[in-house]
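The values are calculated or read from the model by the stated rules, or taken from the named source; none is laboratory data. Note that the structure is predicted; figures quoted are calculated from it, not measured. Methodologically, a virtual Cβ is constructed for each residue, glycine included, from the backbone with ideal geometry; neighbour enumeration extends over all protein chains shown.
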Amino acid sequence: VKGSSFLESLSKTDTVVFDKTGTLTEGRFEVSRVHSVGMAEDELLETAAQAESVSNHPISKSIIEAHTSGFDASTVESAEEIPGKGVRAVVRGRTVHVGNHRLMNDIGAEYCHEEVAGTNVHVAVDGRYMGHIVVSDVVKSDAAEAVATLKAIGVRRTVMLSGDSARICTDVGGRLGIDDIRYELLPADKTEALERVMEDTPENRTVAYVGDGINDAPSLARADVGIAMGGLGSDAAIEAADVVIMDDAPSKIPTCIDLSKRVNRIVMQNIVFALAVKFGLLALTLFGFT
Ligand code: ADP
Ligand code: MG
């Protein structure tokens, strides 16, 4: 906890806003399927891994790891990350786009979507759809317990904000018992959604935002209390946050709020007790008893 004032804000928490990937889920994706239409499966995976080599998004890491035979990163001429959508890179003179359906819509590529338990990562080369890779993530084992405990200790509302698809978000959020689920948000939309949640919060209560990625940093700074995942989290998120959870366990959030309430109670008890003793002695002194 980076300062005592955050302990006071935490004790008044009304709403907790969560990021999904890496915060409520492990953020360790695994490639479960490769579906290619335009090239060999291995070539598709290699092309995607080359393009993703510039990114440190959890999805990129999983695709790079899945391509076990290794690849020559020097063939990547230029590459850029497109937040909330994917990456664009030039590999051996060909433009490669790897990302979600919004990225495919942006470049006007026809894609085929697979209804499976996982995220579809589409690959296009020179604007032509080449296939997709399905990656999936698991919910953290203590996430449901964390959400239930928050409710039990007096948090009125829980919200989940994610850049992922509607189906995955409603599935994860529903299983965890989150009150308000918002999906397909770009990084800027997340901060805007957070601001709207803050407007809906009673005057003397606060909003905590919990996140892990670079794209969460603005929201972590904007919320009354920003909580970052310290293990998996990016440096930018840890820097912007007011509270850092070192072991990435969501169940530490209710623990922290509970502690902050106890700290504030003890502070109040001390002030009341000290003043009472002072007034008592003052009164006795006036009548000459001390
Ligand atoms: P979240 O808010 O859940 O942490 P992000 O905003 O990081 O998610 O990403 C939103 C979506 O954008 C992902 O679910 C994925 O479909 C796509 N995406 C983002 N970055 C990448 C990438 N490097 N490679 C492939 N897809 C990506
Ligand atoms: Mg995240």
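Of the residues in segment 88-101, how many are away from ligand 2 (no atom under 16 Å from the Cβ) and either under 14 Å from I64 (Cβ atoms) or in contact with a strand residue (DSSP E or B) (Cβ under 6 Å, 6 or more places away or on another chain) (or both)? Working first, answer last.
Within segment 88-101, the first condition is being away from ligand 2 (no atom under 16 Å from the Cβ), and the residues that meet it are 88-98, 101.
Restricting the remaining residues to those that are either under 14 Å from I64 (Cβ atoms) or in contact with a strand residue (DSSP E or B) (Cβ under 6 Å, 6 or more places away or on another chain) (or both) gives 88-91, 94, 96-98.
The qualifying residues number 8.
Checking each residue in segment 190-236 for being acidic (D, E) and over 26 Å from K61 (Cα atoms) picks out E192, E195, E199, D200, E203, D224. Restricting to segment 42-65, and then to whatever is touching a residue at least 60 places away in the same chain (Cβ under 8 Å) and more than 10 Å from ligand 1 (Cβ to nearest atom), can you tell me which residue is surrounded by the most Cβ atoms within 10 Å (Cβ to Cβ)? For segment 42-65, the residue satisfying everything is T47.
With the structure loaded, tell me whether G84 is outside any strand (DSSP E or B) and in contact (Cβ under 8 Å) with a residue 40 or more places away in the chain or whether it fails that test. Please lay out each step first, then the result.
Numbers: outside any strand (DSSP E or B): yes; in contact (Cβ under 8 Å) with a residue 40 or more places away in the chain: yes.
Taking the combined requirement at face value, the residue satisfies it.
Based on what the data block shows, is A117 at pLDDT below 95, over 22 Å from P58 (Cα atoms) and assigned to a loop (DSSP other than H, G, I, E, B)? So A117 does not fit the description; no. One residue stands out in segment 1-45 among those that are among the aromatic types (F, W, Y) and within 12 Å of ligand 2 (Cβ to nearest atom): the one that is farthest from R205 (Cα to Cα), namely F29.
A quick yes/no check of all residues on (1) in a strand (DSSP E or B); (2) within 17 Å of the chain's Cα centre (by Cα); (3) surrounded by fewer than 21 Cβ atoms within 10 Å (Cβ to Cβ):
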residue: A124; (1), (2), (3): yes, no, no
residue: Y129; (1), (2), (3): yes, no, yes
residue: V134; (1), (2), (3): yes, no, yes
residue: A144; (1), (2), (3): no, yes, yes
residue: V147; (1), (2), (3): no, yes, no
residue: G154; (1), (2), (3): no, no, yes
residue: M160; (1), (2), (3): yes, yes, no
residue: G163; (1), (2), (3): no, yes, no
residue: V172; (1), (2), (3): no, yes, no
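Within segment 192-215, the only residue that satisfies the criterion of being touching a Lys or Arg at 6+ places or on another chain (Cβ under 8 Å), hydroxyl-bearing (S, T, Y) and away from ligand 2 (no atom under 16 Å from the Cβ) is T206. In segment 18-32, which residues are part of a strand (DSSP E or B) and either hydroxyl-bearing (S, T, Y) or surrounded by fewer than 19 Cβ atoms within 10 Å (Cβ to Cβ) (or both)? Scanning segment 18-32 gives T25, E30, S32. Looking only at residues of segment 80-104 that are surrounded by fewer than 19 Cβ atoms within 10 Å (Cβ to Cβ) and among the hydrophobic types (A, V, I, L, M, F, W, C), we find that the one that is nearest to ligand 1 (Cβ to nearest atom) is I82.
Output the residue which, of all residues in segment 118-150 that are among the small types (G, A, S) and touching a residue at least 60 places away in the same chain (Cβ under 8 Å), is farthest from V16 (Cα to Cα). Among them, the one singled out is G131.
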